[in-house]
Amino acid sequence: MNSKKWEPRIVAFFCNWCTYRAADLAGISRMKYAPNVRIIRVMCTGRIDPQFILNAFSKGADGVLIGGCHPGDCHYVEGNYKALRRFRLLSRMLKDMGIEEGRLRLEWISASEGEKVQWAVNNMLEKVRGMGPLDLPDHFKEWDKEMEMVKPELSEKVVRNG
């Protein structure tokens, strides 16, 4: 029996100009936040391809946190608005896939808000811990079963529609 307690794995995509610097400030200020978050620095949240988030989940992340500049303060003018639009679309898609709403999160955090990084990471970790492991590979098995059930129906439509 494995006596090791499960701990959530969080992948964080942080904007270079704001949230990444706030995380750096939190570290310099010795603010403690969960060690099971892996931070990936991106130049702008507007450059985060939804595939990056889907890939993080498929590779075992239990949650994904996106941190960017406050609206109106983007170094690239509108990158955070682009990120917000993508976040909303991806959130709906993940919900349709059966992935709980709180597993993907977007926070606006400026470079001076080290405490907010600490809060956001720890708060997300606790919420994801309460949801339990995502275990996406098991979801893949369920989806494969669904596709097997649909396969005869699809084959029949292809034959009819030629």
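FYI, it's all coordinate maths here, none of it is from the lab. Remember, predicted model here, so these are calculated numbers, not experimental data. Note: ideal-geometry Cβ built from the backbone for every residue, glycine included; neighbour counts use all protein chains shown.
When the trypsin sites (Lys or Arg not before Pro) in the range 27-131 are filtered for DSSP coil states and for at most 15 other beta-carbon atoms within 10 Å of their beta-carbon, the remaining sites are Arg30, Lys32, Lys59. Contact order, relative form, for the chain: 31 percent (alpha carbon pairs under 8 Å, 6 or more residues apart, mean separation divided by residue count).
Within the chain, which is the longest segment that contains none of the GluC sites (Glu not before Pro) sitting in a DSSP loop with at most 16 other Cβ atoms within 10 Å?
Values: sites that count: Glu78, Glu100.
My reading of the result: 1-77 is the longest stretch.
3J(HN,Hα) along the range 59-75: 8, x, 5, 8, x, 10, 10, 10, x, x, 4, 4, x, x, 10, 5, 4 Hz, from the Karplus curve 6.51 cos²θ - 1.76 cosθ + 1.60 with θ = phi - 60°, whole Hz, x for Gly and Pro.
Would you mind pulling out the separation of the Cα centroids of the range 107-141 and the range 35-87, in Å? One Cα centre to the other: 13 Å. Here the chain has an Rg and Dmax of 18.7, 67 Å, counting Cα atoms alone.
Going Cα to Cα from Lys141, which lysines come in below 16 Å? Please leave out same-chain ones fewer than 8 positions away. Output for Lys141: Lys59, Lys151. Dipole of the range 10-133 computed with +1 at Lys/Arg Cβ and -1 at Asp/Glu Cβ about the Cα centre; of Phe13, Asn80, Ser58, farthest Cα towards the positive end is Ser58. With the helix formula -39500 (n - 2.57) applied to DSSP H stretches of n ≥ 4, the chain reaches a computed 222 nm mean residue ellipticity of -16500 deg cm²/dmol.
A simple charge model with +1 on the Cβ of Lys and Arg, -1 on the Cβ of Asp and Glu and nothing else charged puts the dipole of the chain at about 280 debye relative to its Cα centre. Taking +1 at the Cβ of each Lys and Arg and -1 at the Cβ of each Asp and Glu, which of Pro133, Ala111, Gly68 sits farthest along the dipole of the chain towards its positive end, judged by Cα position relative to the Cα centre? Projecting each Cα onto the dipole axis, the largest value belongs to Ala111.
Which distance in nm do the two modelled labels at Arg92 and Phe140 give, with both placed 7 Å along the Cα-to-Cβ direction? Taking the simple label geometry, Arg92 and Phe140 are separated by 2.7 nm.
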